[in-house]
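Just below is one structure, and these are the notes that go with it.
The values are calculated or read from the model by the stated rules, or taken from the named source; none is laboratory data. Since this is a predicted model, take the numbers as computed values, not measurements. Glycine gets a Cβ as well: all are built from the backbone with ideal geometry, and neighbour counts include every protein chain shown. Just the protein is used for accessible areas: all its heavy atoms, side chains included, with ligands, DNA and RNA removed. Shrake-Rupley method; radii C 1.70, N 1.55, O 1.52, S 1.80 Å.
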Amino acid sequence: MTATMVLVWSAVGDSVSYVRSAAILTLSAIFLKWNDLEKISIDGEVISLDIAIEKMLIILKSDTEAFSRRSAAQFLLNVYTLKGVQSQHMTVISAAMIDCIKDFDWEVKLKSLEFLEILIKTHGLHGEQMQCCDIMVRNGTVPGGSSAENEIDIHESKPLQQALEVASSSGLFQALLTAYNDEDPIVKDKAASLINVIKHRLIHVKADCNYDGSKNNKTYDDLKALESVDLNVNVLSGLFERKKLLVDVLDNILACKSAPSGDDDPNDNLLSLVDCY
């Protein structure tokens, strides 16, 4: 293992981005397989998870090649989901993954959105954690004696209120809004689907609630901003249409490759078709 780690760790700093990227993913696989690497030392440096995370943070901030940054983001995503990962690691990774929604590369942004989806579930804004709130509204058993036609004041559910405040303070909601306004349609579509999940779960929650007697707080502002996002049918169906377009393109390429072309090289027609796309 020591010889392998020496090779992999050296390759993380290689001058070729493809090599750096492959080395980072290999390093991630090693940490996922073996949790205790404290005894491995390279040139006097112990390669611990702390060191590896710090290296990935540097790559995300300073590497000019998208391949390396994508792999670094994947590394942090993998480590975050490790069982037993320490809280300080989770805090550092969370901040970095939310921040990389501002990366220039669309795949890095998608990694960030994948992480945001994990946070949405962790904070209880998705899935079974919110279903009790929906059921109370449908059954008219809203706390405080209010009717099913009324909205639930967020103070009636302390866990939900705390979840919203934690999510807001982490920058989750702002990151979603940033991604929704992204120029890349794939990024925008993914953000729209996550915003739609949150809006669906909070549809009966009173967004303009009173936090400690004042509406001048970040959580309130973030909820109002999410509420104002217009998720029309065209936006939500956009990803499906683009996926269908991609399938059509691949079908055309395969059809061109298999079609008889006489004496011509069949690859000539294929290259021409690919060029047109």
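Want the number for residue 162 to residue 33: 0.36 nm per residue separation, take away the alpha-carbon distance, what's left?
This chain segment gains 43.0 nm when fully extended.
Calculate, in nm to one decimal, what residue 78 and residue 169 gain on full extension: separation in residues at 0.36 nm each, minus their alpha carbon distance.
Extending this stretch completely gives an extra 30.4 nm.
Taking amide hydrogens as modeled 1.01 Å from N in the peptide plane, which residues meet the under 5 Å criterion relative to residue 231, leaving out close sequence neighbours?
none
With labels modelled as points extended 7 Å from the Cα through the Cβ direction, what inter-label distance (nm, one decimal) is found for residue 114 paired with residue 196?
Taking the two extended label points, one gets 2.1 nm.
In whole Å, what three semi-axes, largest first, describe the equivalent ellipsoid of segment 49-103 built from its Cα gyration tensor (square root of 5 times each eigenvalue)?
19, 11, 10
Going through the cross-link list 61/188; 33/188; 102/199; 61/121; 190/224, which pairs have a Cα-Cα distance over 32 Å in this structure?
In this structure, 33/188 exceed 32 Å between Cα atoms.
Let me cross-check residue 119: its accessible surface, 1.4 Å probe, with only protein heavy atoms counted, in Å² to the nearest 10?
Surface accessible to solvent at residue 119 totals approximately 10 Å².
Extension gain residue 218-residue 88, at 0.36 nm per residue separation less the Cα-Cα distance, in nm?
44.4 nm
What are the ³J(HN,Hα) couplings of segment 110-120, residue after residue, when phi is run through the Karplus curve with 6.51, -1.76, 1.60 and θ = phi - 60°? Round to Hz, x for glycine and proline.
Using θ = phi - 60°, the values come out as 5, 4, 4, 5, 4, 5, 4, 5, 4, 5, 4 Hz.
For residue 65 and residue 121, FRET efficiency with R0 = 35 Å and r from the beta-carbon atoms, rounded to 0.05?
Here the calculated transfer efficiency is 0.65.
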